[in-house]
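See structure below.
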């Protein structure tokens, strides 16, 4: 009888050990997936920021009248002029956020578009943009209301807020029982082009 009890006890203990091993394996896999997803989000953000800063710092470059270098200034849409490829001709550049994508599990994701001249707008490098917000300021730091066409010539600096999230939920870093979207946030306060400042 004692042998039978020992066998039953051993089976129960073995079952607990196997369950613990499976839970540990699941936790390790979840953490690894979360780490990779977070890395992808950070890389996506880095690429977008690099492209945004490059374009925005060129606003007004080789434009005869820098006061006319911004053609549209909205909260999530900007159009400006600059000689982007240094060929002597002025190009028009637009950055704007599209509508949320309905095909992904994360309902807040949208495409951030970049349009050069008359080309079709293409999705900028990086997927997962959930926020693209622009604010505009004059030389004294006073905020200029968006779509105030008469004040475009007074725009001196631009504040850019950008948030990128993963399309799918991943295991939360703090509470491994929960899932959330991996996210990265970036804000560039007072991004300015030297060419804009010429009209100060």
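FYI, it's all coordinate maths here, none of it is from the lab. Please read these numbers as outputs of a predicted model, since none were measured by experiment. Here the Cβ is made from the backbone with ideal geometry for all residues, glycine too, and neighbour counts use every protein chain on show.
Annotations for the structure displayed:
- At R0 = 35 Å, FRET efficiency that the Cβ-Cβ distance of residue 50 and residue 103 yields, to 0.05: 0.85
- Packing-based exposure ordering (other Cβ within 10 Å, fewest first) of 130, 189: 189, 130
- Model label sites at residue 38 and residue 194, defined 7 Å from Cα along the beta-carbon direction, differ in position by 3.8 nm.
- Available extension along the chain between residue 143 and residue 86 is 17.4 nm, counting 0.36 nm per residue and deducting the alpha carbon span.
- Gain on full stretching of the segment that runs from residue 64 to residue 117 - 0.36 nm per residue minus C-alpha separation: 17.3 nm
- Per-residue Cβ neighbour rank within 10 angstrom, fewest leading, 134, 104: 104, 134
- Ranked list, fewest to most other Cβ atoms within 10 Å of each Cβ, for 185, 136, 113: 185, 113, 136
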